[in-house]
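Notes follow the structure.
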Amino acid sequence: MELYELLMRRRSVRNFKPDEVPEEVVAKLAAAANNAPTGGNMQPLSIIAVREPERRAKLGEMVGSQPWVKNAPLSLIFCLDFWRLKKWAELSGVSFRGNEALSHFLIGYADVMCAAQTVVILAESLGLGSVYVGTIQYVADEVREYFELPPYVFPAMLLSLGYPKTVPRNVPKLAVDVVLHRERYEALSDEEIRKAFDDKYGSLDENVEKYFERAFVEAVEADRQETPAWVEAYRDKMKELAIKNNAEFLFKLRYPSDRMVEFKAEEIETFKRAGFDCFGS
Ligand SMILES: Cc1cc2nc3c(=O)[nH]c(=O)nc-3n(C[C@H](O)[C@H](O)[C@H](O)COP(=O)(O)O)c2cc1C
């Protein structure tokens, strides 16, 4: 299959067969991640491969209500790792203070995601499916303890992988010409913005389950694999909050704007406990 075709077919997969991912495949994925672009070629990356069922279950428990983490035969925790660089610098008689510098942090996070996305693509080409689980950031303290991460190592992203049992095919996207600007930013009019998102999500006033298949497939998939009853809970919440449109669904219910901002203080503290002190003055 051509790479373009493969990329256009890729979807986040949350339903996996129990089949193991062979060790040679894990090694290949790691080699590709290790060969990804990285700012200054500094490689502030460590990957924890989690395959033992008991440890997968524990990881799944930590990230909460996402049964695919426990069910996936392989999970990779992509860590931003300044510990190794700090040690090396210290051993060489110099200090590396990346954990206090916003630019090192931002570039380091980008490095980690370059590596992770390289794995997503290679995995896809090898017949595997994968899904990112960004909520690992919210439980970084527990993850750091359980997986014995030293200070200055932050679990930035989780990627769960396995051979797909089913693949969601209805995930909507904005039209590409909404995203691509030529030579300069071409601001859309209010009407064009409304249309762009209407075209993406369709209307909300139909069967909620069907709507979730497009706009919130995680909830449908979680209910299929276990009984977290996400769909029901969200349906009730939608009524309670009188959700009228797609944007309200996202920013009043799924990611409530005020709560997301309030959460910032907790997040900064989580980073600080991991030794990252780069958000203050
Ligand atoms: C940074 C990031 C964090 C994500 N976190 C989660 C997550 O916690 N749980 C999940 O099921 N999917 C997660 N996803 C997958 C997205 O839900 C998915 O990419 C999106 O719905 C678009 O679907 P597609 O990947 O099939 O194109 C995440 C994706 C990214 C890039």
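Read the figures in this text as sums done on the coordinates, not as results from a lab. Model, not experiment: these values are computed from the prediction. With ideal geometry, Cβ positions are generated from the backbone for all residues, glycine too; neighbour counts draw on all protein chains shown.
Observations on the structure shown:
- So V21, is it surrounded by 15 or more Cβ atoms within 10 Å (Cβ to Cβ) and within 16 Å of the ligand (Cβ to nearest atom): no
- One residue from R194, R184 being away from the ligand (no atom under 16 Å from the Cβ) and surrounded by 10 or more Cβ atoms within 10 Å (Cβ to Cβ): R194
- For N35, the conditions (1) farther than 20 Å from P164 by Cα; (2) within 16 Å of the ligand (Cβ to nearest atom) all hold with the exception of (2).
- Within the stretch 128-170, strands (runs of 3 or more DSSP E) holding 2 or more residues that are more than 18 Å from W68 (Cβ to Cβ) and touching a Leu at 6+ places or on another chain (Cβ under 7 Å): 153-162
- The set of residues from the stretch 248-281 being farther than 26 Å from Y146 by Cα and either of a type in the set (S, T, Y) or exposed (fewer than 13 other Cβ atoms within 10 Å of the Cβ) (or both) comprises Y255, S257, D258, R259, M260, V261, E262, G280, S281.
- Residue list for the stretch 110-150, restricted to those being among the aromatic types (F, W, Y) and either more than 15 Å from the ligand (Cβ to nearest atom) or in contact with a strand residue (DSSP E or B) (Cβ under 6 Å, 6 or more places away or on another chain) (or both): Y132, Y146, F147
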